[in-house]
1. Restricting to the stretch 59-102, count the residues that are crowded, with 16+ Cβ neighbours inside 10 Å and hydroxyl-bearing (Ser, Thr, Tyr).
2. Take Leu25 and decide whether it is modelled with pLDDT of 95 or more, open to solvent by less than 60 Å² (accessible area, probe 1.4 Å), of a type outside the set (S, T, N, Q) and assigned to a helix (DSSP H, G or I).
Amino acid sequence: MAASLAKLTSLSTSTLSLLLERQRLQSLSTTGSNGGATSLHLPQITRNMRQLQVGIQEMERVEGMSEAVKLLSNQYERMRDMLGPEAEAAGLERYSPQAPST
């Protein structure tokens, strides 16, 4: 099943919304115990980001390093950075472009 640009853009947008909501709740947490806010949405964010990475890789295989692939992979990296150390803990790898086939 080919990943469509619209589907990947929608997935990216909804994931970004979850990340921003998570950051907002973390910043509002003044009790010092923000364990609930830290883990908030993490399973869904992780699932979405894995789907996004697979979709971007699939799109790159089909289209090469198109403008859409560049934009989506940059967005993926920004969202991964927003997770901080939790990205590593969740096993979310950095996006690396595929080697061109010869």
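The values are calculated or read from the model by the stated rules, or taken from the named source; none is laboratory data. Predicted model only: the values in this text are computed from it and were never measured. With ideal geometry, Cβ positions are generated from the backbone for all residues, glycine too; neighbour counts draw on all protein chains shown. In case anyone asks, the SASA skips ligands and DNA or RNA and just uses the protein heavy atoms, side chains included. Shrake-Rupley method; radii C 1.70, N 1.55, O 1.52, S 1.80 Å.
1. Within the stretch 59-102, residues that are crowded, with 16+ Cβ neighbours inside 10 Å and hydroxyl-bearing (Ser, Thr, Tyr) number 3.
2. No.
Every residue, every condition in (1) farther than 15 Å from Leu8 by Cα; (2) at pLDDT below 95, yes or no:
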| site | (1), (2) |
| --- | --- |
| Thr30 | yes, yes |
| Asn34 | yes, yes |
| Thr38 | yes, yes |
| Pro43 | yes, yes |
| Asn48 | no, no |
| Val69 | no, yes |
| Met82 | yes, yes |
| Glu88 | yes, yes |
| Glu93 | yes, yes |
